[in-house]
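Reading through the structure tokens given below for one structure.
The values are calculated or read from the model by the stated rules, or taken from the named source; none is laboratory data. Since we're looking at a predicted model, the values are computed, not measured. Cβ: placed from backbone, ideal geometry, glycine included. Neighbour counts: every protein chain shown. Heavy atoms of the whole protein, side chains included, go into the accessibility calculation; ligands, DNA and RNA do not. Shrake-Rupley method; radii C 1.70, N 1.55, O 1.52, S 1.80 Å.
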Amino acid sequence: MSQAIYYVNPDSTEHDNALQQATVIPIADVLNKHTLLSSLAAVCHFPSYFSYNWDSAWDCLTDSDVTKLVLDLTTVTNITTKDFTMFQRIIEDAYKEFGKPQLWIITPPTDSA
């Protein structure tokens, strides 16, 4: 069964084919509403009327040709949980309604000391 969001380890090769075909959402060290929406708009080529809010992101995502996204959290040092959760909800809702996009979240390795 297909799902909207996958969490993958950076060393995993399980999803290599999907990841190679996906559009990467570039995020540096801070993940918040501004960085997510700005990066998403740029890589998905959202139209000029994109309003940089969650509703507009949902509308533009479901209208776009993008079907697979990758969000690499391995370099992120500061995550605004509320914004990250909202982004995940948008992806899940869009996938539920339109079958796209799917999102692969590359998670930082866990320290096993």
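Using a probe of 1.4 angstrom and keeping all protein chains present, the accessible surface of the chain works out to 59 square angstrom per residue.
Bridging of Lys68 to lysines at a Cα separation below 22 Å is possible for Lys33, Lys96, Lys100, once same-chain residues fewer than 8 apart are set aside. Rounded to the nearest 10 degrees, the inclination of helix 81-98 to the longest alpha-carbon principal axis of the chain is 60 degrees. For Ser12 and Ser48, the FRET efficiency from 1/(1 + (r/R0)^6), where r spans their Cβ atoms and R0 equals 41 Å, is about 0.60. In the chain, helical runs assigned H by DSSP with n ≥ 4 each contribute -39500 (n - 2.57); averaged across all residues and rounded to the nearest 500, the mean residue ellipticity at 222 nm is -12000 deg cm²/dmol.
The apolar share of the surface of the chain, taken as the fraction of accessible area on carbon and sulfur atoms (1.4 Å probe, ligands and nucleic acids excluded), comes to 49 percent.
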